[in-house]
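Trainee: Would you mind keeping the following structure in view while I ask a few things?
The values are calculated or read from the model by the stated rules, or taken from the named source; none is laboratory data. Quick caveat, the model's predicted, so the values are computed rather than measured. Quick reminder, even Gly has a Cβ in these numbers, built from the backbone with ideal geometry, and neighbours come from all protein chains shown. Note: areas computed on protein heavy atoms with side chains; ligands, DNA, RNA excluded. Shrake-Rupley method; radii C 1.70, N 1.55, O 1.52, S 1.80 Å.
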Amino acid sequence: MAELEIYQFPCLSDNYGVLIRDKDSGHVASIDAPSADDVRAALAEKAWNLTHILTTHHHWDHTDGNLALKAETGCTIVGPRPEADKVPGIDVKVGEGDSYKFGGFEAKVFETPGHTAGHIIYWIPDASVAFVGDVLFAMGCGRVIEGSMDAMWNSIEKVAKLPPETMLYCGHEYTIANAKFALTVEPGNAALQARAKEVEELRAQGKPTLPTKLADELATNPFIRADSAEIRQVIGMENASNSEVFAEVRERKNRG
Ligand code: ZN
Ligand code: FE
């Protein structure tokens, strides 16, 4: 079976960069390119040659390195068709239902609007990983900037339906703040209490809290748990739809 090597590294102030390498073909992709310098340093550290950039969305902290890295390596830039005009250097446009062949792997693409209007995620089932950009974070989710709350909820549901053992690579290390907020809307969730302690310890040691297993998000992330009786009770929305509960939780996080 094909093997995918994955290297995650912190960059900018709170972003993560991720490099993936298909061992058989030697193809190397950067998931987003937050900073040319940081991606270049990570490539040098691994002695890997960049062949692809897989873009999740157009925000500068995910695309700032695109043009410089493309000029240096001739890499192919793959990105979201719905906002292709905002992705510097884009070569291949992908959208809902597309499969992008990366070496011996297939990256399945889902459109996940809400944070940006054209945000996409990449799921590589044969490696049990998904690159979710700024849709979902550990115990958190991205700000809803270019889409409706409803659209964002639908996008989060797409992530929630992946196999629970899927490891999610996210754009940012916001975990400590997310855990604090999560406890305000679901204080009785024992899994959440335990995880909040765990991530405090990881961060105190300077370690990343990501990637995160989808199963852990399903158990602790208030933005994916709109059907939680406790959350509904705490925010006083026992009979609302999941999408409405999500919207209220997101609004509270914005205010908090
Ligand atoms: Zn973003
Ligand atoms: Fe971001």
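Trainee: Condition check: modelled with pLDDT under 95 and under 30 Å from residue 118 (Cβ atoms). Does residue 171 satisfy that? Talk me through it step by step, then tell me what you get.
Mentor: Values: modelled with pLDDT under 95: no; under 30 Å from residue 118 (Cβ atoms): yes.
In short, no.
Trainee: If you don't mind, there's one more thing I want to ask. Consider residue 16 against the criteria (1) more than 17 Å from residue 101 (Cβ to Cβ); (2) over 18 Å from the mean Cα position of the chain (by Cα); (3) of a type in the set (Ser, Thr, Tyr): it satisfies all of them except one. Which criterion is unmet?
Mentor: Looking at each condition in turn, residue 16 falls short on (2).
Trainee: In addition: Cβ-Cβ distance below 8 Å, separation of 6 or more or different chains: which pairs start in segment 32-57 with a residue that is assigned by TED's automatic domain parsing to the domain that holds residue 120 and end on one that is acidic (Asp, Glu) and open to solvent by less than 60 Å² (accessible area, probe 1.4 Å)?
Mentor: Matching pairs, first to second residue: 34/61; 53/32; 54/32; 55/32; 56/32; 56/134; 57/83; 57/134.
Trainee: While we're looking at this one, here's another question. Given the criteria open to solvent by less than 20 Å² (accessible area, probe 1.4 Å), touching a residue at least 40 places away in the same chain (Cβ under 8 Å), closer than 22 Å to residue 124 by Cβ and within 16 Å of ligand 2 (Cβ to nearest atom), does residue 62 qualify? If you could, list the steps in order and put the result at the bottom.
Mentor: Working: open to solvent by less than 20 Å² (accessible area, probe 1.4 Å): yes; touching a residue at least 40 places away in the same chain (Cβ under 8 Å): yes; closer than 22 Å to residue 124 by Cβ: yes; within 16 Å of ligand 2 (Cβ to nearest atom): yes.
Yes; evaluated as a whole, the condition is true for this residue.
Trainee: May I pose another question? Somewhere in segment 183-200, is a residue within 16 Å of ligand 2 (Cβ to nearest atom) and in contact (Cβ under 8 Å) with a residue 24 or more places away in the chain?
Mentor: Within segment 183-200, the first condition is being within 16 Å of ligand 2 (Cβ to nearest atom), and the residues that meet it are none.
The answer is no, given that none of the residues of segment 183-200 is within 16 Å of ligand 2 (Cβ to nearest atom) and in contact (Cβ under 8 Å) with a residue 24 or more places away in the chain.
Trainee: Continuing with the same structure: Take residue 107 and decide whether it is away from ligand 1 (no atom under 16 Å from the Cβ) and open to solvent by less than 10 Å² (accessible area, probe 1.4 Å).
Mentor: It is true that residue 107 is away from ligand 1 (no atom under 16 Å from the Cβ) and open to solvent by less than 10 Å² (accessible area, probe 1.4 Å).
Trainee: Find the residue count for segment 7-22, including only residues that are touching an Asp or Glu at 6+ places or on another chain (Cβ under 7 Å) and of a type in the set (Asp, Glu).
Mentor: Matching residues across segment 7-22 total 1.
Trainee: Moving on to the next point. Could you please let me know if residue 35 is within 16 Å of ligand 1 (Cβ to nearest atom) and over 26 Å from residue 250 (Cα atoms)?
Mentor: On the way: within 16 Å of ligand 1 (Cβ to nearest atom): yes; over 26 Å from residue 250 (Cα atoms): yes.
So residue 35 fits the description; yes.
Trainee: Whether any residue in segment 173-180 is more than 16 Å from ligand 1 (Cβ to nearest atom), touching an Asp or Glu at 6+ places or on another chain (Cβ under 9 Å) and open to solvent by 10 Å² or more (accessible area, probe 1.4 Å) is what I want to check.
Mentor: Taking every residue of segment 173-180 in turn, at least one turns out to be more than 16 Å from ligand 1 (Cβ to nearest atom), touching an Asp or Glu at 6+ places or on another chain (Cβ under 9 Å) and open to solvent by 10 Å² or more (accessible area, probe 1.4 Å).
Trainee: Also, I was wondering about something else. What helices (runs of 4 or more DSSP H) completely inside segment 155-233 contain at least 2 residues that are within 20 Å of the chain's Cα centre (by Cα) and over 25 Å from residue 61 (Cα atoms)? Outline the logic, then answer.
Mentor: Working: elements: 175-185, 190-204, 214-220.
Hits in segment 155-233: 190-204, 214-220.
Trainee: Now a separate question. Please find, within segment 110-145, the residue that is nearest to residue 84 (Cα to Cα) out of those that are within 16 Å of ligand 1 (Cβ to nearest atom) and surrounded by fewer than 18 Cβ atoms within 10 Å (Cβ to Cβ).
Mentor: Once the filter is applied, the top-ranked residue is 117.
Trainee: Being under 19 Å from residue 235 (Cα atoms) and in contact with a Leu (Cβ under 9 Å, 6 or more places away or on another chain) is the requirement here; does residue 183 meet it? It would help to see each step written out before you state the result.
Mentor: On the way: under 19 Å from residue 235 (Cα atoms): yes; in contact with a Leu (Cβ under 9 Å, 6 or more places away or on another chain): yes.
When the stated conditions are applied, residue 183 passes them.
Trainee: Right, here's the next one. Which one of 83, 72, 96 is assigned by TED's automatic domain parsing to the domain that holds residue 122, open to solvent by less than 40 Å² (accessible area, probe 1.4 Å) and among the charged types (D, E, K, R)?
Mentor: Numbers: 72 fails: open to solvent by less than 40 Å² (accessible area, probe 1.4 Å); 96 fails: open to solvent by less than 40 Å² (accessible area, probe 1.4 Å).
So the residue among 83, 72, 96 that is assigned by TED's automatic domain parsing to the domain that holds residue 122, open to solvent by less than 40 Å² (accessible area, probe 1.4 Å) and among the charged types (D, E, K, R) is 83.
Trainee: Filtering segment 1-17 down to residues that are within 16 Å of residue 63 (Cα to Cα) and in a loop (DSSP other than H, G, I, E, B), which residue is least open to solvent (accessible area, probe 1.4 Å)?
Mentor: Filtering segment 1-17 for residues that are within 16 Å of residue 63 (Cα to Cα) and in a loop (DSSP other than H, G, I, E, B), the one least open to solvent (accessible area, probe 1.4 Å) comes out as 14.
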